[in-house]
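Since every read-out is calculated from the coordinates, none of them should be taken as a lab result. As the structure is a computational prediction, the values presented were derived from the model and not from experiment. Counting neighbours? That spans all protein chains shown, and the Cβs are built from the backbone with ideal geometry, glycine included.
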Amino acid sequence: MNAEPGKDVRFWRLALLLVGLLALGLAVWVVVDGTGGDWQGHQEDFFARIGVKQARVEVRQIRACTGEVDRCVSCHLGGERDELRDPKVPHPHRAHPKDMLHHQHTAQRIACSACHGGSGRALRQTAAHAMPGGTELDPLMKQPHIQASCARCHLPGAVKPADRLLAGARLYAELGCAVCHPLGAGGRGGFDYGPDLRTIGRKSLAYLKTSLSDPLANFADSTMPAFGRTFEENPEAEIDLLIFLESLVLTRPADCSQRDRSDYLLDQACASCHAGSGGKASGRFEHRCPFILARKDELRCANCHPQEIPKATRLGGGFCPRIQQERNRCSLCHEGR
Ligand code: HEC
Ligand code: HEC
Ligand code: HEC
Ligand code: HEC
Ligand code: HEC
Ligand code: HEC
Ligand code: HEC
């Protein structure tokens, strides 16, 4: 016989309450942990560091011109504050190296991930710094590989702090990669049906390196020659080429690009300016194309046309067949041409 039936009921009520609270606590923990992480702590540290007492700790995000949502600034709040430039200031609070953010790129629209890759939405450090879907540090986080992303919006060679990218583009031409992997037409257009390297998706550096040194490792019947020896003497050149390869798979966001600034000139025959005797051009125009500049001794019209530039005879008019021969190389940088 139970003398005190109420005691039992109270016990079970209490137990139920405890279990309920536990479940609620677990749910809250999962939600907080899923969206948050250590970003709140970084924000508190940051505001303490700059002496701001009542700042809102909240997820900060940018909708970038690349179409991506970028939350890196939930932890990285240093921006371009001069007082945080000291290398002793730890990341993520340290100011950005000069000139890359607001000065030349409006941080609001050209967001961090546009240059550094990573996973823009992630709020946990390891996920944010990794390639989407992976856990390995995205190589674009560090120099010199950051330079690959400059090609999203600038032609290789168009901006100064991207010399490794330009060197990589040159190597791609010099080593004959474009013979099998042409960048003009899409798809498997090349000799030996080499695939279009713009469509292979983002790969780890290790994978790309293996593709060069031991092509059979990734494709058992690949006819690609091995390039391991090529770089034995000069490992820096291999990095240049890898940077160019990394750049090929990145998207080219139309809304924030500077890539096509001078494209209209590409459709113009060289002879429309180089019309004088010996192909002399007049006017204040100066070439910026690093390819034309690097090869000006070979491409100088007077070399082959010492007197008058011949009259256009072919269809399309005025395009020098000798310069057209170089078209495969032009498309390394001037895409789709
Ligand atoms: C949860 C906070 C957090 C988020 C979100 C975050 N970072 Fe970081 N980041 C850090 C911390 C902390 C460090 C310093 C790490 C260290 O010193 O090991 C750092 C370091 C870096 C570095 C220097 C890397 C190096 O090894 O030199 C870069 C570049 C960087 N972050 C870019 C980004 C970008 C781009 C994003 C967004 C895609 C991002 N971070 C998102 C916290 C964050
Ligand atoms: C236009 C491209 C660009 C954008 C946008 C950009 N960065 Fe950078 N970032 C660079 C380059 C280039 C470097 C290397 C500068 C150098 O070596 O002097 C760099 C360096 C860094 C470093 C220092 C890494 C180190 O080795 O100490 C951090 C941290 C960093 N960026 C974080 C960010 C964050 C956070 C954002 C967004 C607020 C951002 N970057 C936006 C290009 C960019
Ligand atoms: C998402 C697109 C984007 C990326 C990625 C990008 N840039 Fe830019 N960059 C621009 C735009 C757009 C401008 C012009 C800004 C303006 O006029 O306000 C610019 C301007 C510049 C300028 C000023 C000089 C000029 O010709 O106007 C330099 C230098 C520069 N970028 C260097 C770089 C480097 C180096 C990288 C790679 C680390 C890089 N950019 C990555 C879009 C980008
Ligand atoms: C003789 C033709 C040929 C030459 C020259 C050549 N490749 Fe290849 N490459 C191929 C073939 C064929 C494959 C095999 C891919 C397949 O079967 O899908 C391949 C594969 C690759 C892959 C891996 C693609 C993937 O989907 O994973 C990379 C990266 C690559 N080549 C880069 C280069 C670079 C960089 C150069 C110049 C240094 C070069 N190739 C020169 C024919 C060539
Ligand atoms: C908008 C006008 C214009 C167009 C189009 C143009 N150029 Fe030029 N180019 C010039 C001017 C101006 C100079 C400097 C004067 C000169 O050397 O004749 C020059 C110089 C050169 C030089 C250096 C000559 C030297 O003696 O140092 C080369 C090489 C050259 N251009 C090649 C080309 C090629 C190849 C094309 C076509 C892809 C081309 N140019 C299209 C205006 C133009
Ligand atoms: C390496 C030698 C070489 C160089 C450099 C060169 N050309 Fe030519 N060009 C040729 C040859 C070969 C032909 C074809 C011969 C012919 O049709 O008379 C040709 C033909 C032409 C034609 C006639 C095309 C047609 O429709 O028939 C034009 C126009 C022309 N070149 C312009 C130029 C200009 C402008 C430059 C300098 C930017 C230049 N070429 C530099 C070799 C060269
Ligand atoms: C290594 C990369 C690269 C290659 C390869 C390349 N270009 Fe360029 N080109 C550029 C850059 C960078 C610019 C300047 C873009 C700007 O400032 O907006 C440019 C600009 C031009 C212009 C505009 C006028 C000028 O000189 O600034 C013409 C015309 C041109 N290129 C023609 C060619 C032709 C023809 C070829 C192939 C024979 C070629 N390019 C190969 C990078 C390249």
remark   = Among Ala15, Tyr207, Ser74, the residue whose Cα sits farthest towards the positive end of the charge dipole of the chain (+1 at Cβ of Lys and Arg, -1 at Cβ of Asp and Glu, taken about the Cα centre) is Ser74
request  = Quote the charge dipole size of region 33-141 about the Cα centre in Debye, to the nearest 20; the model charges only the Cβ of Lys and Arg (+1) and of Asp and Glu (-1).
outcome  = 260 debye
ask   = Using alpha carbon centroids, what distance separates region 105-168 and region 256-287, in Å?
value = 31 Å
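Take the alpha carbon gyration tensor of region 263-333, find the square roots of its eigenvalues, order them as a ≥ b ≥ c, and report rounded if a/c is under 1.5; if not, report prolate when a/b exceeds b/c, else oblate. Numbers along the way, then the final one.
Working: a/c = 1.41, a/b = 1.18, b/c = 1.20.
Here region 263-333 falls in the rounded category.
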request  = Measure of size requested: the Rg and Dmax of the chain, with Cα atoms as the atom set and Å as the unit; please supply both.
outcome  = 28.3, 123
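Can you compute the helix-only [θ] at 222 nm over the chain? Use -39500 (n - 2.57) per DSSP H run of at least 4 residues, normalise by all residues, nearest 500 deg cm²/dmol.
Working: 15 runs with 123 residues, N = 337.
Taken over the chain, the calculation gives -10000 deg cm²/dmol.
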request  = State the answer as a single residue: which of His181, Gln40, Met224 lies farthest towards the positive end of the charge dipole of the chain, with beta carbon charges of +1 for Lys and Arg and -1 for Asp and Glu, about the Cα centre.
outcome  = Gln40
message = Once you keep just the Cα pairs under 8 angstrom separated by 6 or more residues, what percentage relative contact order results for region 263-333?
response = 38 percent
ask   = Quick one: Karplus J couplings for region 195-211, per residue in order, coefficients 6.51, -1.76, 1.60, θ = phi - 60°, nearest Hz, x for Gly and Pro?
value = x, 6, 6, 7, 10, 8, x, 6, 10, 6, 4, 4, 5, 5, 4, 5, 4
note = What one gets for region 92-171 as the Kirkwood radius, inverse of mean 1/r over different Cα pairs in Å, is 13.5 Å
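Using only the Cα atoms, what convex hull volume per residue in Å³ does region 145-280 have? If you can, show how the numbers build up before the last one.
Values: hull volume 20.4 nm³, N = 136.
Output value, Cα hull per residue: 150 Å³.
Would you work out the charge dipole size for region 150-256 about its Cα centre, treating the Cβ of every Lys and Arg as +1 and the Cβ of every Asp and Glu as -1, and quote it to the nearest 20 debye?
On the way: 11 positive and 13 negative charges, 84 e Å.
With only Lys, Arg, Asp and Glu charged at Cβ, the dipole is about 400 debye.
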query = Over the chain, what relative contact order in percent results from Cα pairs under 8 Å that are six or more residues apart?
reply = 13 percent
ask   = If you place +1 on the Cβ of every Lys and Arg and -1 on the Cβ of every Asp and Glu, how big does the dipole about the Cα centre of the chain come out, in debye to the nearest 20?
value = 840 debye
query = Between Ala269 and Glu286, what is the label-to-label distance in nm when each label sits 7 Å out along the Cα-to-Cβ direction?
reply = 2.9 nm
